[in-house]
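Below is one structure; the comments refer to it alone.
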Amino acid sequence: MKRVIAALAGATMLMAAGVAVAGDIKGAITAVNAQARTVTINGVAYTFPASVDMAGLAAGQTVTLTFATANNVNTVSKVTK
């Protein structure tokens, strides 16, 4: 029985390691890198995939980003100005 519990606990930890976490952030953009398709808010970089428009974003602008984090990359799915 202890082996079964240990095996289940180990499997759960492995599965949780690759799970994406989603969230929203509202803040002022401190940097925009159009070539890398990133913006920085509060010292954290957020990456924009080609499917999300980042036209018109500028430093100093306050936005709300909806994003998911996987493998230490924050990928934006929606931006609200």
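In a fully extended conformation the segment linking Ala45 and Thr80 would gain 10.9 nm over its present Cα-Cα distance, using 0.36 nm per residue.
3J(HN,Hα) along the stretch 60-66, derived from phi through the Karplus expression 6.51 cos²θ - 1.76 cosθ + 1.60 where θ = phi - 60°, amounts to x, 7, 8, 9, 10, 10, 9 Hz, with x in place of Gly and Pro.
Close amide H contacts of Gln61 (hydrogens built in the peptide plane, cut-off under 5 Å, sequence separation of 5 or more or a different chain): Ile29.
Distances between placed amide hydrogens fall under 5 Å for Ile41 paired with Thr30, Tyr46, all partners being 5 or more residues away or on another chain.
Since every read-out is calculated from the coordinates, none of them should be taken as a lab result. Quantities reported herein were computed from a predicted structural model and do not represent experimental measurements.
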